[in-house]
Amino acid sequence: DKIEDGQYPFFVRSATIETINSFSLDCEAILVPGEGNIGSIFHYICGRFDVHQRVYAITQFAPEVSGKFVHLYMTRHFGAHAMQNSVKATVDSLRLPTFQNFEISIPSSKKEQSAIVAILSDMDNELTTLETQRDKARQLKQGMMQELMTGRVRLA
């Protein structure tokens, strides 16, 4: 069970990362829920953590493979593959063969993989900043429209 303000990340079948006071793994990993919102939730961690049942932990990357690169690749390409190869039941589910049959194009150099990760991470950060600015501008516009529509503010 999760613990409020726990010491370690606890990955469950949602985008929310819970916490817990024990860990079962201490490594680099990509975590993917096996049920619910399959193919759309991916977590990357390097360190101590625990996982709930039905969360897949992809670990033990080859020395020449960047786990961060694989994480970014899966984030962008695994969803369609997962939906085509999921087990159709009450809730779509992933099974081990879905992961085993997923092909990844990886540059041969770990240095190149790291450079790609750095560029894409910078772009994601910039997009997040721009989205935050956009949202603030929308709120300001909404507030100004309210003031103008109620007549509290008049244009000269």
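The helix-only estimate of mean residue ellipticity at 222 nm for the chain, built from DSSP H runs of length n ≥ 4 each weighted as -39500 (n - 2.57), is -14500 deg cm²/dmol after division by the residue total. Dipole check for the range 1-133: with +1 at the C-beta of Lys and Arg, -1 at the C-beta of Asp and Glu, and the Cα centre as origin, the magnitude is about 440 Debye.
Accessible surface for the range 1-140, divided over its residues, is 63 Å² per residue with a 1.4 Å probe. Under a Gaussian network description of the chain, with springs only between Cα atoms under 10 Å, the residue in ALA118, ALA62, ALA29 that fluctuates furthest is ALA62. Accessible area of ASP5 (1.4 Å probe, protein heavy atoms only, ligands and nucleic acids ignored): about 140 Å².
Express the carbon and sulfur contribution to the solvent-accessible surface of the chain as a percent, rounded to the nearest whole number, probe 1.4 angstrom. Solvent-exposed carbon and sulfur of the chain make up 52 percent of the total.
Among the aspartates and glutamates, which fall within straight-line cross-link reach of LYS2, defined as a Cα-Cα distance under 14 Å, with same-chain neighbours fewer than 8 residues apart omitted? Within the straight-line limit of under 14 Å, LYS2 reaches these aspartates and glutamates: GLU18, ASP50.
Taking ARG54, ARG13, ARG138 as the candidate residues, the one with maximal mean-square fluctuation in a Gaussian network model of the chain, Cα springs under 10 Å, is ARG138.
Once backbone amide H atoms are built at 1.01 Å from N, LEU25 has PHE49 as its partners under 5 Å, excluding neighbours fewer than 5 places away on the same chain.
Backbone geometry of the range 48-64 corresponds, through the Karplus equation with coefficients 6.51, -1.76 and 1.60 at θ = phi - 60°, to 3J(HN,Hα) couplings of 8, 6, 9, 10, 7, 4, 6, 10, 7, 10, 8, 9, 6, 6, 4, x, 8 Hz, x marking Gly and Pro. Among the GluC sites (Glu not before Pro) in the range 73-156, those placed in a DSSP loop whose Cβ has at most 12 other Cβ atoms within 10 Å are GLU103. Against the chain, whose longest principal axis is taken from its Cα atoms, helix 67-85 shows a tilt of about 90°.
A cut-off of 5 Å between modelled amide H atoms, ignoring neighbours fewer than 5 places along the same chain, links TYR56 with VAL32, GLY34.
Please list, ordered by chain and number, the residues whose modelled amide H lies under 5 Å from the amide H of ARG13; skip anything fewer than 5 residues away on the same chain. Hits under the 5 Å cutoff: none. Across all directions, the average flat footprint of the convex hull enclosing the Cα atoms of the range 63-142 is 8.1 nm². A convex hull fitted around the alpha carbon atoms of the range 1-133 yields 134 Å³ per residue.
Taken as Cα centroids, the range 136-156 and the range 35-99 sit 45 Å apart, rounded to the nearest whole angstrom. Given a 1.4 Å probe and the protein chains as shown, MET123 ends up with an accessible area of around 110 Å². Altogether, the Stokes-Einstein calculation at 10 °C and 1.306 mPa s, with the Kirkwood radius of the range 56-100 over Cα pairs as Rh, returns a diffusion coefficient of 134 µm²/s.
The values are calculated or read from the model by the stated rules, or taken from the named source; none is laboratory data. Everything numeric in this text was worked out from a predicted model, so none of it was measured. Note: ideal-geometry Cβ built from the backbone for every residue, glycine included; neighbour counts use all protein chains shown. Quick note on the areas: whole protein, heavy atoms, side chains included, nothing else; ligands and nucleic acids left out. Shrake-Rupley method; radii C 1.70, N 1.55, O 1.52, S 1.80 Å.
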